[in-house]
Amino acid sequence: MRLFFVALLFLTLSACGASLGDRIDSKNLHVYYMDGVSAQEAVDFATYWRDNGFVGDQKQTIQLIRNEYKELIVKLIEDKKFEQSRLSLDEQAMLSKLARTLEKEVFTATKVRVVPCDNTFRPLVKQ
């Protein structure tokens, strides 16, 4: 029984300390990258994001990962007040257009998906 509680405590603590990946910072932008995403890809993304007006006055945290299908996933933390609302067709189209633009201008020859997430980078199902 004691071994069970020790194992449970270990799993809980290790989950709390789960890495978000390596990080690059640029003023109000923090980009974490992991799972097959290079530092150069993260820098290229951060540069594109800044140069195209996506960085505002509020702190923004984004995570870049590559999934098992070699797609690059851009995880955007959504403002808490919008987490429960569904994406409109226009918003879905804008995310798709952004993904296609990133495929052409930043991550050439790589499929990109843009995913709205909560503040722990868990995808929000919003469709």
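Any read-out appearing in this document is the output of simple, stated calculations on the displayed coordinates, not a laboratory observation. These figures come from a predicted structure and were not determined experimentally. For neighbour counting, all protein chains shown are included, and Cβ atoms are generated from backbone atoms with ideal geometry for every residue, glycine included.
Stretch Arg23-Ala109 to full length: gain in nm at 0.36 nm per residue minus the Cα-Cα span? Provide the component values of the computation, followed by the final result.
On the way: separation 86, 0.36 × 86 = 30.96 nm, distance 2.37 nm.
Separation in residues times 0.36 nm, less the Cα-Cα distance, equals 28.6 nm.
Quick one: putting +1 on the C-beta of Lys and Arg, -1 on the C-beta of Asp and Glu, what dipole do you get for the range 21-117 around its Cα centre, in Debye to the nearest 20?
On the way: 15 positive and 16 negative charges, 25 e Å.
Rounded to the nearest 20 debye, it is 120 debye.
What is the sum of charges, Lys and Arg at +1 and Asp and Glu at -1, for the other residues whose Cβ falls under 9 Å from the Cβ of Ala99?
On the way: positive: Lys97, Arg100, Lys111, Arg113; negative: Glu103.
Spelling it out: positives minus negatives among the neighbours equals +3.
What ranking do Tyr32, Tyr48, Tyr69 get, fewest neighbouring Cβ atoms within 10 angstrom at the top? Display every interim value, and only then the final one.
On the way: Tyr32 19, Tyr48 15, Tyr69 8.
Neighbour counts put them in this order, fewest first: Tyr69, Tyr48, Tyr32.
In Å, what Kirkwood hydrodynamic radius results for the range 18-127 from the alpha-carbon pair distances? Walk me through the numbers on the way to the answer.
Numbers: mean 1/r = 0.0702 Å⁻¹.
For the range 18-127, inverting the mean 1/r across all distinct Cα pairs yields 14.2 Å.
Projected onto the charge dipole of the range 21-117 (+1 at Lys/Arg Cβ, -1 at Asp/Glu Cβ, origin at the Cα centre), which of Gln92, Ile65, Ile24 gives the Cα projection farthest towards the positive end?
Going by the charge dipole, the pick is Gln92.
Calculate, in nm to one decimal, what Glu91 and Asp44 gain on full extension: separation in residues at 0.36 nm each, minus their alpha carbon distance. Walk me through the numbers on the way to the answer.
On the way: separation 47, 0.36 × 47 = 16.92 nm, distance 2.44 nm.
The Glu91-Asp44 span can extend by a further 14.5 nm.
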